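K.L.:
Encoded as structure tokens, here's the structure I'll be asking about.
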Amino acid sequence: QVRLVQSGGGLVQAGGSLRLSCAASGRSFSTYAIAWFRQAPGKQRDFIAAITWSGGSTAYVDSVKGRFTISRDNAKNTVYLQMNSLKPEDTAVYLCAARRAIMMSRTPYDYDSWGQGTQVTVSS
């Protein structure tokens, strides 16, 4: 397993941008697929975006396509989520997750390492 530490997030007005980072410890980071999920109070944990170990493939939920971009820098053991054109409905706790697999997954139960979570609040 890898240990994931998140940074970024905060309060932003609608239409603004934020970048989340997910830094991993461990020497095998480049063999992990990484995903971002979010969870609003009282709601389930929803898939947002994922990236394969190589960064060659990505996936997004329809509601963030064209606004969010997931990327990774394996030399820095870090995955990023660039969020643009933020909307109030994007408000949630955002979590990164890792699974040691070639394939991405949209299911939270497929991931075995999680970041601590970071709050993103978008005001209208």
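The values are calculated or read from the model by the stated rules, or taken from the named source; none is laboratory data. Predicted, not measured: the structure shown is a model, and the values here were computed from it. Reconstructed Cβ throughout: ideal geometry from the backbone, glycine too, with neighbour counts over all protein chains shown. The area values use the complete protein model at the heavy-atom level, side chains included, leaving out ligands, DNA and RNA. Shrake-Rupley method; radii C 1.70, N 1.55, O 1.52, S 1.80 Å.
K.L.:
Any residue in region 31-54 that is outside any strand (DSSP E or B) sitting within a Cβ distance under 7 Å of a residue that is open to solvent by 60 Å² or more (accessible area, probe 1.4 Å)? List the pairs, counting only those 6 or more apart or interchain.
P.N.:
Listed by first residue and then by second, the contacts come to THR31/TRP53; THR31/ARG100; TYR32/TRP53; TYR32/ARG100; THR52/ILE102; TRP53/ILE102.
K.L.:
Given the conditions (1) touching a Ser or Thr at 6+ places or on another chain (Cβ under 6 Å); (2) modelled with pLDDT of 95 or more; (3) open to solvent by less than 40 Å² (accessible area, probe 1.4 Å), and given that GLY9 satisfies all but one, which numbered condition is not satisfied?
P.N.:
Only one criterion in (1) touching a Ser or Thr at 6+ places or on another chain (Cβ under 6 Å); (2) modelled with pLDDT of 95 or more; (3) open to solvent by less than 40 Å² (accessible area, probe 1.4 Å) is unmet by GLY9, namely (2).
K.L.:
With the checklist (1) open to solvent by less than 60 Å² (accessible area, probe 1.4 Å); (2) in contact with a helix residue (DSSP H, G or I) (Cβ under 7 Å, 6 or more places away or on another chain); (3) not aliphatic (A, V, I, L, M) in hand, flag the one item TRP53 doesn't pass.
P.N.:
Of the numbered conditions (1) open to solvent by less than 60 Å² (accessible area, probe 1.4 Å); (2) in contact with a helix residue (DSSP H, G or I) (Cβ under 7 Å, 6 or more places away or on another chain); (3) not aliphatic (A, V, I, L, M), the odd one out for TRP53 is (1).
K.L.:
Continuing with this model, one more query. Step by step: first the residues of region 100-124, then only those that are open to solvent by less than 90 Å² (accessible area, probe 1.4 Å) and part of a loop (DSSP other than H, G, I, E, B), then the one that is nearest to GLY10 (Cα to Cα). Which residue is that?
P.N.:
So, considering only residues that are open to solvent by less than 90 Å² (accessible area, probe 1.4 Å) and part of a loop (DSSP other than H, G, I, E, B), the one nearest to GLY10 (Cα to Cα) is GLY117.
K.L.:
Condition first: modelled with pLDDT under 95, surrounded by 14 or more Cβ atoms within 10 Å (Cβ to Cβ) and part of a loop (DSSP other than H, G, I, E, B). Now tell me which residues in region 67-76 satisfy that.
P.N.:
Restricting attention to region 67-76, the residues satisfying the condition of being modelled with pLDDT under 95 are 72-76.
Among the residues that remain, those that are also surrounded by 14 or more Cβ atoms within 10 Å (Cβ to Cβ) are: 72, 74.
Correct list: ASN74 only.
K.L.:
Taking region 77-99, which residues are open to solvent by less than 10 Å² (accessible area, probe 1.4 Å) and either farther than 19 Å from TRP114 by Cα or over 11 Å from the mean Cα position of the chain (by Cα) (or both)?
P.N.:
Taking region 77-99 as the starting set, the residues that turn out to be open to solvent by less than 10 Å² (accessible area, probe 1.4 Å) are 79, 81, 83, 86, 90, 92, 94, 96-98.
If the condition is that a residue be open to solvent by less than 10 Å² (accessible area, probe 1.4 Å) and either farther than 19 Å from TRP114 by Cα or over 11 Å from the mean Cα position of the chain (by Cα) (or both), then MET83, LEU86, ASP90, ALA92 are the ones that fit.
K.L.:
Further, regarding this structure: Return the total of residues in region 12-30 being at pLDDT 95 or above and assigned to a loop (DSSP other than H, G, I, E, B). Write out each step before concluding.
P.N.:
In the first step, residues of region 12-30 are kept if they are at pLDDT 95 or above; the result is 12-23.
Those still in the list that are assigned to a loop (DSSP other than H, G, I, E, B) too: 14-17.
Within region 12-30, residues that are at pLDDT 95 or above and assigned to a loop (DSSP other than H, G, I, E, B) number 4.
K.L.:
Does region 12-30 hold any residues that are closer than 19 Å to TYR111 by Cα and either surrounded by fewer than 17 Cβ atoms within 10 Å (Cβ to Cβ) or without any contact (Cβ under 8 Å) to a residue 24 or more places away in the chain (or both), and which are they?
P.N.:
Of everything in region 12-30, those that are closer than 19 Å to TYR111 by Cα and either surrounded by fewer than 17 Cβ atoms within 10 Å (Cβ to Cβ) or without any contact (Cβ under 8 Å) to a residue 24 or more places away in the chain (or both) turn out to be SER25, GLY26, ARG27, SER28, SER30.
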